[in-house]
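The values are calculated or read from the model by the stated rules, or taken from the named source; none is laboratory data. This structure is a prediction, so every number in the text was calculated from the model and none was measured. Using ideal geometry, Cβ is built from the backbone for each residue, glycine included, and neighbour counts are taken over all protein chains shown. The area values use the complete protein model at the heavy-atom level, side chains included, leaving out ligands, DNA and RNA. Shrake-Rupley method; radii C 1.70, N 1.55, O 1.52, S 1.80 Å.
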Amino acid sequence: MDTDGAKVWGTFLSPGEPDRFKEACTDRGVTYVQGLAQALTLWLESHPSPSTPLVAQPVIRLIIANQKGGVGKTFVASGLSQALAEKGQRVLIVDYDPQGHLTAELGLEDVMYDDERETLLMHLDGTAKGDIHDLLVALEHDRFGGRLHVLPASDDAFLMDVHLSRVGFSESALERALEPLEDDYDVIIIDGPPSLGLNMDTALYYVRRREGELADRSGVITPVWANKASHRAFRLLSQQIADLCKKGRISIDYLGLVINAYDSRRGKLVKENKKQWEKATNPGVLLVIGDLKDGREASDGEIPLLEYAPDSEHAQAMRDLAKEIAA
């Protein structure tokens with residue numbers, strides 16, 4: 001390609017990466033320049049030029065996933081969806097956790113036990129009679145401008161894996177259920193389940209990279225703590241994603257990690273575990289969130305974080321994360 005007059009640019013490479021790249025070129029029998037050219041070609045194929053006309057891209061689909069409980073999945077999913085809606089995006093957040101923490105923390109717990117309403121599970125297993133739009137609840141706060149909707153959890157979600165085991169091609173069940181909603185939103189966020197069962201597979205399959213979709217647009221965000229247990233849990237989730245990709249011949253993009261409730265005063269091991277997360281190159285750390293009270297108080301009060309404490313560090317952290325996703 002013609003590079004005459006182009007601006008100089010640079011990128012960060014972790015220590016030792018240039019040498020490993022040169023060794024890989026030697027092993028494959030290509031020169032260093034040929035290797036660079038091939039790498040750039042592959043990157044450009046996955047990231048077309050912004051000046052190149054693109055076909056319409058699918059709605060952005062994110063899952064906040066970690067089967068380990070208490071690491072902040074609901075906190076991140078709720079806060080991110082609020083920040084995106086605040087900045088003008090049309091956002092749907094799906095409470096896919098049978099425990100329904102997100103539904104309750106947004107003041108919608110009564111909806112979970114309304115026997116007159118159909119549920120998401122009914123739309124997953126094909127027993128629903130009505131329109132899935134009827135399940136949605138809009139958050140009426142002016143800050144979100146009517147752009148933030150919730151698909152609440154339901155008390156039958158504890159039977160999710162049992163019901164999905166009876167559904168043909170169960171991995172695509174969530175996609176089939178949510179498809180009628182996709183044209184109405186810019187972003188759909190799944191508050192993932194605390195398990196590695198079939199319901200996790202359906203959610204992961206939903207955020208896979210679809211044909212023609214840009215890389216790193218939809219995918220997985222994982223909240224973690226700076227401790228050993230989070231490292232073990234992350235390995236299990238990574239293995240499930242790898243197995244699903246191999247079995248389904250699909251690609252699922254890992255968008256990054258969020259280190260939640262970090263407090264350096266908890267000691268040397270906490271600091272060391274944070275460093276280990278930050279050394280990871282794939283996925284990288286998108287954000288470090290301190291162990292602050294605002295998020296807990298908002299949850300206890302059943303008020304959206306950005307409504308309860310819009311000027312807090314927690315709220316600003318969610319806006320920073322929204323910028324990462326929007327970019």
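A compact table of results
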{"read-out": "Phi to ³J(HN,Hα) by Karplus 6.51 cos²θ - 1.76 cosθ + 1.60 over the range 111-120, Hz, x for Gly, Pro", "value": "5, 4, 10, 7, 5, 7, 8, 6, 10, 4"}
{"read-out": "Longest to shortest principal axis, alpha-carbon extents of the chain, angstrom", "value": "67, 49, 39"}
{"read-out": "Heavy-atom SASA rank of Tyr113, Tyr262 (probe 1.4 Å, accessible area, largest first)", "value": "Tyr113, Tyr262"}
{"read-out": "Accessible-area value, His149, 1.4 Å probe, nucleic acids and ligands omitted, Å²", "value": "50"}
{"read-out": "Whole-angstrom Cα spans of the range 274-327 along principal axes, big to small", "value": "37, 24, 16"}
{"read-out": "Å³ per residue enclosed by the Cα convex hull of the range 170-327", "value": "139"}
{"read-out": "Amide hydrogen neighbours beyond the local backbone of Val224, cut-off 5 Å, H modeled", "value": "Val258, Ile259, Asn260"}
{"read-out": "Full-extension gain in nm, Asp183 to His47, via 0.36 nm per residue minus C-alpha separation", "value": "46.6 nm"}
{"read-out": "Förster radius 35 Å - calculated FRET efficiency between Leu214 and Glu278, Cβ distance, rounded to 0.05", "value": "0.85"}
{"read-out": "Binned Cα-Cα distances of the range 51-162, short to long, each 5 Å bin given as a whole percent", "value": "2, 11, 19, 22, 20, 14, 7, 3, 2, 1, 0"}
{"read-out": "Principal axes of the range 106-201: Cα extent on each, largest first, Å", "value": "42, 28, 28"}
{"read-out": "Too-long pairs where the Cα-Cα distance tops 32 Å, listed order kept, from Lys275/Lys323; Lys271/Lys293; Lys247/Lys271; Lys228/Lys323", "value": "Lys247/Lys271"}
{"read-out": "Within the chain, percent of DSSP bridges classed antiparallel, to nearest 5", "value": "5"}
{"read-out": "³J(HN,Hα) computed for each position of the range 139-153 - Karplus, 6.51 cos²θ - 1.76 cosθ + 1.60, integer Hz, glycine/proline x", "value": "7, 8, 5, 4, 4, 9, x, x, 9, 10, 10, 10, 9, x, 6"}
{"read-out": "Estimated dipole of the chain in Debye, rounded to 20 [Cβ of Lys and Arg +1, of Asp and Glu -1, Cα centre]", "value": "1840"}
{"read-out": "Whole-Å distance, taken between Cα centres, linking the range 254-284 and the range 63-119", "value": "24"}
{"read-out": "Value in Å of the Kirkwood radius, where the range 177-266 supplies the Cα pairs that are averaged", "value": "14.6"}
